[in-house]
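Let me begin by presenting the structure, written as structure tokens, before commenting on it.
Values in this text are rule-based calculations from the coordinates and carry no lab data. Bear in mind that the values here come from a model prediction, so they are computed numbers and not experimental data. Quick reminder, even Gly has a Cβ in these numbers, built from the backbone with ideal geometry, and neighbours come from all protein chains shown.
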Amino acid sequence: GAIPIIDIDTEKKERVFEIAQRASKAIGIKFASVDIAELSTGELLVMEINSSVCMDKFSKIIKNGRDIQKDVFSKAIDKMFE
């Protein structure tokens, strides 16, 4: 039910990235989607970590979502061969 938001300021984007990385490291996963919610207080919390990265809804809701989806998976595949 949540709606993805990608148009966020740089400071919040850095906080989200840091939280997602810490959450991923905490469970030892290298490729996952980390769902983060922002409370009305501005606090950011991890809702869940998904080992099955599915971006179908994202690609339909977000403008240029399909291009972003393809870019994410392309980068992930490139990382596998480093």
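Assorted remarks:
- Net charge, ASP9 excluded, C-beta distance under 15 Å - Lys, Arg +1, Asp, Glu -1: -2
- The residues neighbouring VAL34, those whose beta-carbon lies less than 14 Å from its own, together hold a net charge of +1 under the Lys/Arg +1, Asp/Glu -1 convention.
- For segment 53-72 versus segment 16-36, the gap between their alpha-carbon centres in whole angstrom: 19
- Other residues within the sphere of radius under 14 Å centred on the Cβ of ASN50, judged by their own Cβ, net out at -1 (K and R +1, D and E -1).
- A helix-only calculation puts the chain at -15500 deg cm²/dmol for mean residue ellipticity at 222 nm, using -39500 (n - 2.57) for each DSSP H run of at least four residues, averaged over all residues.
- For a straight C-alpha distance cut-off of 19 angstrom, the lysines reachable from LYS60 (same-chain residues fewer than eight places away being disregarded) are LYS70.
- Only Lys, Arg (+1) and Asp, Glu (-1) charged, at Cβ; the chain dipole about Cα centre in debye: 260
- Entry for mean projected area of the Cα convex hull in nm² (calculated from the structure that is shown) out of [x] 6.1; [y] 7.7; [z] 4.6: [x]
- Residues whose placed amide H lies under 5 Å from that of ILE36, excluding near-sequence neighbours: MET47
- Loop-located GluC sites (Glu not before Pro) in segment 17-70 (DSSP state other than H, G, I, E, B) with a sparse environment of at most 15 neighbouring Cβ atoms within 10 Å: GLU43.
- Projecting the Cα atoms of MET80, VAL34, ALA20 onto the dipole axis of the chain, where Lys and Arg carry +1 and Asp and Glu carry -1 at the beta carbon, places MET80 farthest toward the positive end.
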